[in-house]
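The values are calculated or read from the model by the stated rules, or taken from the named source; none is laboratory data. Keep in mind that this is a model prediction, so the values were computed, not measured. Cβ sites come from the backbone with ideal geometry, for glycine too, and all protein chains shown count toward neighbours.
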Amino acid sequence: MKAPDFQYCCPQTIDEVCELLQSHGSDARILAGGQSLVPAMNLRLSSAELLIDINRVEALEGISLSEDGTYVRVGALARHAQVAASALIAKHVPLVHNAMKYVAHPAIRNRGTCCGSLALADPSAEMPACAVTLNATLVLQSKQDGVREVPAREFFFGLYDTARRDDEILIEVRWPCRTAGSLSGFDELSRRHGDFAMVGIAVQGRMASGLIDDLSLVTFGTGPVPRLSARAGELAQGQRPTPQLAQELAVAAAGELDPDEVAEIEIRRYQATALARRVLSKMFQEADDAG
């Protein structure tokens with residue numbers, strides 16, 4: 001199939017993009033990597049009167065460390081492959097670095113963008129899960145309101161539904177840099193490597209004096225949005241990282257899955273428990289090895 005007719009434009013500044021979004025609203029679509037949008041349009045699952053190609057907007061390119069060293073900025077045109085190869089990401093945001101190898105396949109990673117994945121908000125995607133785990137900051141811009149920042153835990157509303165308005169563009173994501181004593185883990189279960197995750201687990205933790213000082217555990221692929229386990233975070237606080245604790249946290253996180261949102265709930269809970277236990281056990285072993 002072919003996409004319905006649409007107009008095409010290729011602005012060169014963010015202000016031009018915002019002007020077009022202001023004028024066309026929900027009738028416009030933004031094209032960055034196009035790895036989800038173009039197939040959806042060709043299958044006529046999505047349509048646009050105006051396709052705004054942002055690939056010539058130089059201000060949206062690049063990966064950089066903030067001046068105060070607290071976050072890594074990833075621009076809207078940074079490809080998955082660039083993020084995966086970034087020394088800054090590997091050093092300061094290891095959770096994202098480790099998650100990148102699970103993102104689709106090389107051809108898609110070469111064109112698809114990190115911010116595009118966040119803006120799409122596919123519940124099985126890796127980047128939204130990482131963003132919620134780290135509570136990354138998503139930076140939006142519009143002609144009407146200028147720039148606004150949205151914490152990732154307030155950005156995802158539901159299946160392909162986010163806080164981004166029709167007149168806004170996601171210009172960058174700011175990934176918090178790891179701090180002393182931090183640990184992270186990521187894994188997912190899929191039918192084939194690179195396929196959509198049936199169940200995924202992302203974890204970020206921090207150790208202090210041999211005890212867990214903070215832990216964020218997110219389950220994804222099991223509902224309309226990545227799910228942050230409040231119970232796991234509460235149980236982990238102030239505890240020593242042990243195999244028994246890994247099992248308790250895994251069971252707690254899986255128990256929070258909503259049967260109204262997840263098909264075959266018992267199977268998914270079993271998978272989520274096993275996967276979370278695996279990720280946490282590896283994390284805790286690394287903490288033990290580090291002393």
### Task
Specify which of the listed residues (80, 105, 92) is at pLDDT below 95, closer than 21 Å to residue 131 by Cα and outside the structural domain of residue 187 (by the TED database).
105
### Query
buried (at least 24 other Cβ atoms within 10 Å of the Cβ) and of a type in the set (Asp, Glu) - does that describe any residue in segment 107-130?
yes
### Message
If I filter segment 260-273 for residues that are crowded, with 18+ Cβ neighbours inside 10 Å, within 18 Å of residue 99 (Cα to Cα) and modelled with pLDDT of 95 or more, do I get at least one hit?
### Response
yes
### Query
Mind checking which residues of segment 11-36 are in a helix (DSSP H, G or I) and either at pLDDT below 95 or out of contact with any strand residue (DSSP E or B) (no Cβ under 8 Å at 6 or more places or on another chain) (or both)?
15, 16, 19, 23, 25, 26
## Note on the structure
When every residue in segment 254-289 that is among the acidic types (Asp, Glu) and under 21 Å from the mean Cα position of the chain (by Cα) is compared, the one farthest from residue 216 (Cα to Cα) is 261
### Task
Name every residue in segment 237-256 that is assigned to a loop (DSSP other than H, G, I, E, B) and surrounded by fewer than 20 Cβ atoms within 10 Å (Cβ to Cβ), in order of residue number.
237, 238, 239, 240, 242, 256
### Task
Test residue 204 against the criterion of being modelled with pLDDT of 95 or more, surrounded by 22 or more Cβ atoms within 10 Å (Cβ to Cβ) and either among the hydrophobic types (A, V, I, L, M, F, W, C) or not assigned by the TED database to the domain that holds residue 106 (or both), and give yes or no.
yes
### Task
Would you mind finding the one in 83, 72 that is buried (at least 16 other Cβ atoms within 10 Å of the Cβ), of a type outside the set (Lys, Arg) and assigned to a helix (DSSP H, G or I)?
83
### Summary
Out of (1) buried (at least 17 other Cβ atoms within 10 Å of the Cβ); (2) not in a strand (DSSP E or B); (3) not acidic (Asp, Glu), the one residue 175 does not meet is (2)
### Task
Using the structure shown, decide if residue 141 is in a helix (DSSP H, G or I), polar (S, T, N, Q) and under 15 Å from residue 173 (Cβ atoms).
no
### Message
Among the residues of segment 184-195, are any at pLDDT below 95 and either assigned to a strand (DSSP E or B) or on the phi > 0 side of the Ramachandran plot (or both)?
### Response
yes
### Task
Please work out if residue 131 is without any contact (Cβ under 8 Å) to a residue 12 or more places away in the chain and not hydroxyl-bearing (Ser, Thr, Tyr).
no
### Message
Among the numbered criteria (1) in a helix (DSSP H, G or I); (2) among the hydrophobic types (A, V, I, L, M, F, W, C); (3) in contact with a helix residue (DSSP H, G or I) (Cβ under 9 Å, 6 or more places away or on another chain); (4) closer than 17 Å to residue 160 by Cβ, which one does residue 41 miss?
### Response
(3)
### Task
Sort through 227, 178 and tell me the only one that's under 13 Å from the mean Cα position of the chain (by Cα) and over 16 Å from residue 103 (Cβ atoms).
227
